[in-house]
Amino acid sequence: MSHRTIGAIAVFVAFTLASQWHAAAQKSDSAVPSDPDAPTILHALNRVAYGPRPGDIDRVRAMGLAAYIDQQLHPETIPDPAVDSALAAFPTLTMSEEQLAEKYYRPLEAMRRDQQQKQAKAAAKTAKAGDVAAAAGDPQAQLPPEMRAMRQDAASVLQNLMQARIIRAVDSERQLNEVLVDFWFNHFNVYAQKGVVNEYLNTYERDAIRPYVLGHFRDMLGAVAHSPAMLFYLDNFQSADPQMGRRGANQQVEQIERRLNNPRARVTPEQREQAMARLEQVKKNMPRGLNENYARELMELHTLGVDGGYTQKDVQEVARVFTGWTIDQPRGGGRFIFRPAMHDPGTKVVLGQTIAGHEGVDGMREGERVLDILAMHPSTAKHIAFELAQRFVSDTPPPTLVDRAANVYLATNGDLREVTRAILTSPEFFSVDAYRANVKTPLEFAISAARATGAKILVAAPIVQALRTSLGMPLYGCQPPIGYKTTADAWVNTGALLARMNFALQLVGNQQRAIRVDVPSLAPDTSEATRTRLVGQMLAGQISSSTSATLAKAPNPQQLLALLLGSPEFQKR
Amino acid sequence: MNRRIFLKNGTMAMLALGFAPQFITKTVQAARARRKVLVTIFQRGAVDGLSMIVPYGEEWYYKTRPSIGIPKPGAETGVVDLDGFFGIHPKMAPLAELFHRHELAIVHACGSPDPTRSHFDAQDYMESGTPGVKSTRDGWLNRYLHAREHADATPFRAVSLTQQLPRSLQGPAPALAMAQISRFGIQAGRQTDTMQADFESQYAAAADQLLGTTGKEAFDAVKMLKGVNAAGPYTPANGAEYPRSGFGDAMKQIAELIKSDLGLEVAFAELGGWDTHVQQGNGNGQLANRLDDFARSLAAFYADMGEGMADVVVVTMSEFGRAVNENGNRGTDHGHGNAMMIMGGPVKGGKVYGKWPGLAPERRYENRDLAVTTDFRDVFTELVTKHLDAQTTATIFPGFTPTQRLGILG
């Protein structure tokens with residue numbers, strides 16, 4: 001087969017590139033073939049992009065594969081008018097954290113409190129009346145209509161974000177950028193269903209992930225560390241110096257008790273009751289002290305990796321460093337704030353380095369210092385290089401490639417564009433072993449199917465819904481901080497496989513009214529010429545004789561397309 | 001017996017449709033092997049265990065719950081007595097009978113060593129089976145399945161009656177999620193049969209081994225179910241009446257799967273609505289309505305299974321219990337220890353297991369919640385080693401050494 005030759009040749013190509021800063025030395029390292037065959041182009045499109053649209057293989061051949069990859073590494077140079085105009089329908093995407101809080105989350109929080117008080121009063125009333133039966137029913141169902149409407153409004157922020165994610169993945173010309181947004185969001189995973197995380201997702205993806213996927217890792221790490229989404233998801237917003245927190249609470253307790261016990265203070269029985277209730281409240285909310293969750297995942301998942309050489313002691317020390325990194329009013333869309341009162345000002349030792357403690361606002365500098373140390377640690381370089389190589393090359397990436405990419409990381413101060421480039425232009429990327437080596441994740445499958453059929457996304461909801469239910473990979477819905485697995489074993493199971501075939505059937509059957517596939521122009525008939533063309537543009541002509549036989553039997557164009565998209569060949573990239 | 005009839009008719013049906021006979025051989029062997037089945041049920045949202053299994057012999061119980069306490073046995077809407085100290089919620093009366101027949105055991109004051117009162121974290125920990133460790137990727141049930149992979153396993157070895165695979169079943173061992181067993185398969189209208197055959201031949205020739213074997217499993221499973229679905233709507237045995245609810249429907253389908261001898265070993269179902277912060281109710285009301293559905297579904301399953309319960313154990317769990325004191329809204333807030341139920345033929349029932357810590361303030365966890373005296377993993381350990389065939393739980397509950405032997409399963 002022709003693709004078997006692609007990896008063997010280390011081609012040193014001379015091609016014209018728009019970007020002049022691209023050093024000549026890096027160019028000569030490139031293993032991108034100058035005259036690639038269709039399987040090689042398909043391979044690149046399946047990795048750099050979410051698979052080919054009709055005609056993409058020819059387009060890339062015409063512009064040159066190396067030029068295509070380089071252009072994708074510079075998304076800022078690629079116009080994207082179709083997506084720009086589609087996204088204009090979702091104004092929440094561009095609203096600031098403050099605008100979102102003002103419009104949605106603060107009013108919702110105010111109403112929630114108001115509602116709680118009302119319910120408490122009603123409960124007291126029914127208690128007096130002794131009416132037990134009235135207590136029945138679901139509290140959700142008793143919500144006043146205006147509150148339900150407000151909730152729906154607020155929920156639209158997340159729905160818009162999901163729509164946008166799908167539309168961009170399918171239609172954006174900046175395909176590598178979208179692939180990387182998915183990759184880095186998953187690396188810094190947060191879960192929409194935990195508490196108020198959903199209120200922060202829009203700004204999290206837009207402001208902490210998107211700007212940096214081809215930037216410097218340290219910048220993304222910092223933006224994530226400051227994001228309310230991550231602070232809430234991994235509980236750091238509650239993490240406080242146990243001494244400091246208790247001291248404050250104890251002072252309050254003492255104050256109240258002194259007042260209650262002072263015979264000269266005139267305290268009415270009502271005031272006494274109130275004070276007792278307040279006392280109970282303060283005791284209940286007594287800070288629990290240090291929370292290590294963020295500190296642990298920061299090292300295990302975000303930077304060093306599980307065998308990256310840190311100890312449980314390091315986890316505790318890093319947790320102390322990040323005390324005070326919290327959210328100003330976490331219920332109500334509040335923003336990041338550093339609270340010196342929660343911060344542990346003592347000296348810490350992290351990975352053998354002494355971090356001097358600071359009182360007051362300077363305490364925040366300790367966290368920045370630790371992020372600096374972690375970002376440029378050799379274990380981090382290796383961890384990031386491994387994950388990227390796994391995404392772009394194979395489930396078990398060659399160690400030589402990982403080492404090379406890790407060296408690029410360290411040499412470029414963690415420049416993710418250069419690390420990504422090193423992988424996408426490596427001989428390993430173009431090796432026979434990498435060809436169709438990966439199974440698409442459900443997201444990659446659904447998006448690539450929509451692209452392969454040139455589907456027009458009017459409303460992305462059917463894809464969002466399929467991912468949430470039958471395909472089993474809900475957007476923003478991965479519970480553990482480690483994120484979705486990207487390897488085949490996680491996604492190939494009986495139910496999920498059938499779900500893919502059914503998704504293919506639905507997509508081309510135009511049962512998904514919100515998503516249109518123009519079947520007549522894509523497949524006017526089931527003739528051999530049509531089949532050859534489709535197999536060529538979707539799978540570079542390479543299918544098994546068995547798959548070919550099923551296509552030849554297809555009674556109509558819809559079934560022909562479904563058999564292509566549901567085939568084992570299409571599940572791979 | 002039902003299962004024999006199915007095997008005969010099912011076999012004929014499959015042969016008539018020209019399906020591969022090797023599966024039938026497997027199924028017959030499976031039937032002979034008398035598989036043990038574990039049915040796990042998650043009450044999501046933290047059920048109030050003190051209202052399910054009521055310590056009516058505790059003075060603190062009524063002191064702390066003036067409006068939501070369930071009255072003593074004999075009173076109107078009072079508890080049904082279990083052992084002179086504990087009673088079961090009146091809406092769960094159908095299960096009291098099982099307790100007295102020694103087929104239902106309770107473990108009270110059971111839960112997680114982790115202090116979290118977050119639903120999210122606590123459910124995660126109970127399903128991953130690793131309290132306090134967030135990065136665990138697979139679930140405890142899957143680790144059991146993986147540790148005991150065997151050649152006789154069918155695609156129906158582990159089935160969740162949910163839309164998505166629950167956390168406890170996620171991992172390397174195969175497991176199926178299907179909310180409706182009648183909807184499992186290729187859905188192509190009138191073309192379903194040909195499309196299915198076409199996809200099957202594609203996957204039989206797949207270059208990728210994982211896709212090839214999984215594809216085969218998938219189509220084998222579809223064919224096996226076809227036999228079940230072709231037999232027409234399922235009729236429960238012994239006059240069992242399942243409630244018309246999501247949970248009742250799930251339990252009914254689990255019974256159908258077990259009786260169809262498809263090789264089921266682990267089943268999962270769930271039901272929510274337990275987060276009763278406001279207007280919880282007592283013998284009647286919000287919680288009572290949920291318990292009614294819960295208990296009637298379980299009782300119907302038990303009746304429907306009949307003698308089949310000799311090989312089946314059902315366990316119920318919830319992420320944590322609720323605070324001892326009722327709150328200002330006649331509800332309860334998030335707490336700690338809770339009650340688990342274990343029922344089935346192999347169960348040494350009729351007993352409330354676990355050390356009862358008492359409800360006096362100084363005996364509570366953090367002065368407010370029912371303390372945990374039994375780690376939930378101690379219960380799970382007995383399920384997988386005594387009922388199922390795990391030799392050790394070292395890989396199923398990494399880092400955990402069982403702290404006590406309860407003897408729920410002898």
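Each value in this text was obtained by applying a stated rule to the coordinates, not by laboratory testing. It should be emphasised that the depicted structure is a prediction, and the values quoted were computed from it without experimental measurement. Using ideal geometry, Cβ is built from the backbone for each residue, glycine included, and neighbour counts are taken over all protein chains shown.
The table below lists the values:
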{"read-out": "Semi-axis lengths (Å, descending) of the ellipsoid that matches the C-alpha gyration tensor of chain A", "value": "50, 32, 18"}
{"read-out": "15 Å beta-carbon shell around A:GLY454, net charge (K/R +1, D/E -1)", "value": "+1"}
{"read-out": "Förster radius 35 Å - calculated FRET efficiency between A:LEU93 and A:MET147 (Cβ-Cβ, nearest 0.05)", "value": "0.90"}
{"read-out": "Where labels lie 7 Å past Cα in the beta-carbon direction, separation of A:ALA110 and A:ARG533 in nm", "value": "6.0 nm"}
{"read-out": "Computed label-point distance, nm, for sites B:ASN327 and A:ASN510 using a 7 Å Cα→Cβ extension", "value": "5.2 nm"}
{"read-out": "Normalised per residue, the volume of the convex hull around the Cα set of region B:304-410 (Å³)", "value": "137 Å³"}
{"read-out": "Segment A:ASP328-A:ILE256, length gained on full extension (0.36 nm per residue, minus Cα span)", "value": "23.3 nm"}
{"read-out": "At q = 0.12 Å⁻¹, base-10 log of I(q)/I(0) for chain B (Debye sum, equal scatterers on each alpha carbon)", "value": "-0.94"}
{"read-out": "Degrees separating the helix B:192-204 axis from the principal Cα axis of chain B, which is the longest one", "value": "80 degrees"}
{"read-out": "A:ILE355 long-range amide H proximity, modeled H, under 5 Å", "value": "A:LYS348, A:VAL349, A:VAL350"}
{"read-out": "Amide H within-cut-off set for A:ILE337, under 5 Å, with H built and near neighbours excluded", "value": "A:THR326, A:ILE327, A:ASP328"}
{"read-out": "Dipole in debye (nearest 20) - region B:171-300, about Cα centre, beta carbon charges: Lys, Arg +1; Asp, Glu -1", "value": "300 debye"}
{"read-out": "Of all DSSP beta bridges in the protein assembly as shown, antiparallel share, percent nearest 5", "value": "55 percent"}
{"read-out": "Within-14-Å neighbourhood charge of A:LEU401 [Cβ basis; K, R +1; D, E -1]", "value": "-1"}
{"read-out": "Enclosed volume per residue, in Å³, of the convex hull spanned by Cα atoms of the protein assembly as shown", "value": "176 Å³"}
{"read-out": "Scaled radius of gyration (Cα, divided by 2.2 N^0.38 Å) that region B:91-158 gives", "value": "1.54"}
{"read-out": "Placed amide H near B:VAL54: partners under 5 Å, 5+ positions off or other chain", "value": "B:GLY87, B:ILE88, B:HIS89"}
{"read-out": "Whole-Hz couplings from phi, Karplus 6.51/-1.76/1.60, listed for region A:292-309; x for Gly and Pro", "value": "8, 4, 5, 4, 5, 5, 3, 7, 6, 9, 7, 10, 5, x, 4, 9, x, x"}
{"read-out": "Dipole in debye (nearest 20) - chain A, about Cα centre, beta carbon charges: Lys, Arg +1; Asp, Glu -1", "value": "1640 debye"}
{"read-out": "Taking B:MET251, A:MET376, A:MET342, B:MET178 and counting other C-beta atoms within 10 Å, the order from fewest to most", "value": "A:MET376, A:MET342, B:MET178, B:MET251"}
{"read-out": "Whole-Å distance, taken between Cα centres, linking region B:280-308 and region A:387-441", "value": "55 Å"}
{"read-out": "Chain B, relative contact order [Cα under 8 Å, separation at least 6], %", "value": "29 percent"}
{"read-out": "On Cα atoms only, tilt of A:364-375 relative to the major axis of chain A in degrees", "value": "30 degrees"}
{"read-out": "Lys/Arg +1, Asp/Glu -1 at C-beta; the protein assembly as shown dipole; positive extreme among A:VAL370, B:PHE320, A:LEU304", "value": "B:PHE320"}
{"read-out": "Where GluC sites (Glu not before Pro) in DSSP loops with at most 16 other Cβ within 10 Å are excluded, longest remaining stretch of chain B", "value": "B:242-365"}
{"read-out": "Net charge of neighbours whose Cβ lies under 9 Å from the Cβ of B:GLY344, counting Lys and Arg as +1 and Asp and Glu as -1", "value": "-2"}
{"read-out": "Burial ordering of B:LYS223, A:LYS456, fewest other beta-carbon atoms within 10 Å first", "value": "A:LYS456, B:LYS223"}
{"read-out": "Residue-by-residue Karplus 3J(HN,Hα) for region B:158-169, coefficients 6.51, -1.76, 1.60, Hz, glycine and proline x", "value": "10, 10, 10, 8, 9, 5, 10, 5, x, 3, 5, 9"}
{"read-out": "Per residue convex hull volume, Cα atoms of region A:439-573, in Å³", "value": "103 Å³"}
{"read-out": "Ascending count of other beta-carbon atoms within 10 Å, so fewest first, for B:MET340, A:MET150, A:MET162", "value": "A:MET150, A:MET162, B:MET340"}
{"read-out": "Whole-percent pair-distance distribution, where bins are 5 Å wide, for the alpha carbons of region B:228-311", "value": "3, 14, 22, 21, 17, 9, 7, 5, 2, 0"}
{"read-out": "Charged-residue dipole, Cβ positions (Lys, Arg, Asp, Glu), chain B about Cα centre, Debye nearest 20", "value": "580 debye"}
{"read-out": "Acute angle (nearest 10 degrees) that the helix B:119-128 long axis makes with the longest principal axis of chain B, alpha-carbon atoms", "value": "50 degrees"}
{"read-out": "Per-residue ³J(HN,Hα) for region A:496-510, Karplus 6.51 cos²θ - 1.76 cosθ + 1.60, θ = phi - 60°, Hz, x for Gly and Pro", "value": "5, 5, 4, 4, 5, 4, 5, 4, 4, 4, 5, 4, 8, x, 6"}
{"read-out": "Cross-link pairs B:LYS91/B:LYS252; A:LYS440/A:LYS553; B:LYS226/B:LYS259; B:LYS252/B:LYS386 - those with Cα-Cα distance over 22 Å", "value": "A:LYS440/A:LYS553; B:LYS252/B:LYS386"}
